[in-house]
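This report refers to the structure that appears directly beneath it.
The values are calculated or read from the model by the stated rules, or taken from the named source; none is laboratory data. Not measured: the values here are computed from a predicted model. All Cβ positions, glycine included, derive from the backbone under ideal geometry; neighbour counts span all protein chains shown. Protein only, heavy atoms only, side chains kept; ligands, DNA and RNA dropped before computing areas. Shrake-Rupley method; radii C 1.70, N 1.55, O 1.52, S 1.80 Å.
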Amino acid sequence: MLENHSHHHSHHHHVEGKNLLFSIVLNIVITVAQIIGGILSGSLALLSDALHNFSDVLSLVFSYAAHKLSRKKASVNQTFGYKRAELIAAFINAMTLIIVALFLIYGAIERFFNPQHIESGLVIWLSILGIVMNGLSVLLLKNDADKNLNMKSAYLHLFTDMLASIAVLIGGLLMKYLQWFWVDSVLTLVIAVYLIIVGFDLLKKSTQMLMLFTPIHLDINDIIEEVHKISGVNKLHHIHVWYLNEEELHLEAHLDCSDDIKMSEFNALLDKVEHVLFEKFHINHINIQPEYKKAEDSKDFIVQD
């Protein structure tokens, strides 16, 4: 069966893996310091922040590996290369955010009913360290996070770490000056709830892409309407639209032509279709199968193969 495949390449943001690598080093330092400090001070909030930071180290390492894999070239055995590696990393990172949050909730509830004296001075200084280092990591990844879901998953881990450190600092000050030791558990719960919220949103987005769902900002009916305006098009059908990764939006479909045209004439028609799909819907990978009165082929817009 004859098919025409085209690629439109728009300008893509180049994601810097070195920023992620630097963030990994910073988080290892924070994690070790907070584990030691949490044990010495008796602060669950500090230990929970350390646990979160440790999960971040693993997630950042995974994100970095996925980022490197995604740049590998395609081969006869991996015709798409490893372009979806970063989506898998984002999905796993989202899951770890939620799992860590559930552990934090359990620990906070247990400690709330059994409050303990906490060495607040150590908590304060280590939380300041966490704010500075996580804040630096957040600044490094902010630009990449706006363009890449994998980097966004890493960025969210670091951003919630920074918020957690701010919460721990507030808690440390309240414990030092007001002796409110119960606030340690409350802050842990707040951190955990926020982790679940951001983790679920990231999980939803990465799952939609991995499942090849039609992007939520696109309406198949709008695509059909625009393509059907083109002279020479009878019906666009058997349509699939999906993200391979965040840079590549694919469409494949069958195009039933109005007339029995030559291949060179179809090429001209295809150029018009590609132009509409790229300019109006930013679809940059288009695979069209031409047809003319092919009776045995389903003409439904969406066909379950």
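Annotations for the structure displayed:
- Measuring nothing but how far apart in sequence close Cα pairs (under 8 Å, 6+ apart) lie, relative to its length, segment 194-261 scores a relative contact order of 28 percent.
- Farthest toward positive dipole pole in segment 191-259 [+1 Lys/Arg, -1 Asp/Glu at C-beta], among 254, 191, 232: 191
- Here the simple spin-label model places points 7 Å from the Cα toward Cβ, and for residue 179 and residue 210 these points are separated by 5.0 nm.
- The GNM of the chain, with springs linking C-alpha atoms under 10 angstrom apart, assigns the highest mean-square fluctuation among 288, 216, 118 to 216.
- Chain lengthening between residue 252 and residue 106 when straightened (0.36 nm per residue, less Cα-Cα): 47.8 nm
- Residue with peak Gaussian network fluctuation, the chain [Cα springs, cutoff 10 Å], from 164, 295, 145: 295
- Separation of alpha-carbon centers, segment 189-204 and segment 217-284, rounded to whole Å: 38 Å
- Phi to ³J(HN,Hα) by Karplus 6.51 cos²θ - 1.76 cosθ + 1.60 over segment 258-274, Hz, x for Gly, Pro: 5, 10, 7, 9, 6, 4, 5, 6, 5, 4, 5, 5, 4, 4, 5, 5, 4
- Per residue accessible area of segment 13-107, 1.4 Å probe, in Å²: 48 Å²
- Mean accessible surface per residue for segment 153-238, computed with a 1.4 Å probe while every protein chain stays in place, in Å²: 47 Å²
- The 3J(HN,Hα) values that the Karplus relation (6.51, -1.76, 1.60; θ = phi - 60°) gives for segment 100-115 are, in residue order, 4, 4, 5, 5, 5, 4, 4, x, 5, 5, 4, 6, 4, 8, 9, x Hz. Gly and Pro appear as x.
- Pairwise Cα inverse-distance average, inverted: Kirkwood Rh of the chain (Å): 22.0 Å
- Legend: distances between Cα atoms for 83/142; 72/147; 68/272; 73/294; 235/262; 205/229; pairs beyond 27 Å are 68/272; 73/294; 205/229.
- In the chain, excluding the sites themselves, the longest stretch lacking any of the GluC sites (Glu not before Pro) that are in a DSSP loop with at most 14 other Cβ atoms within 10 Å is 4-295.
- Rounded to the nearest 20 debye, dipole of segment 158-305 from Cβ charges on Lys, Arg, Asp, Glu: 660 debye
- Loop-located chymotrypsin sites (Phe, Trp or Tyr not before Pro) in segment 101-144 whose Cβ has at most 12 other Cβ within 10 Å (DSSP): 113
- Taking 126, 40, 195 as the candidate residues, the one with maximal mean-square fluctuation in a Gaussian network model of the chain, Cα springs under 10 Å, is 40.
- FRET efficiency estimate (nearest 0.05) - Cβ-Cβ, residue 32 to residue 218, R0 35 angstrom: 0.15
- Heavy-atom accessible surface of segment 172-211: percent carbon and sulfur, 1.4 Å: 76 percent
- Taking trypsin sites (Lys or Arg not before Pro) as exposed when their DSSP state is a loop state and no more than 11 other Cβ atoms lie within 10 Å, the longest site-free interval of the chain runs over 74-228.
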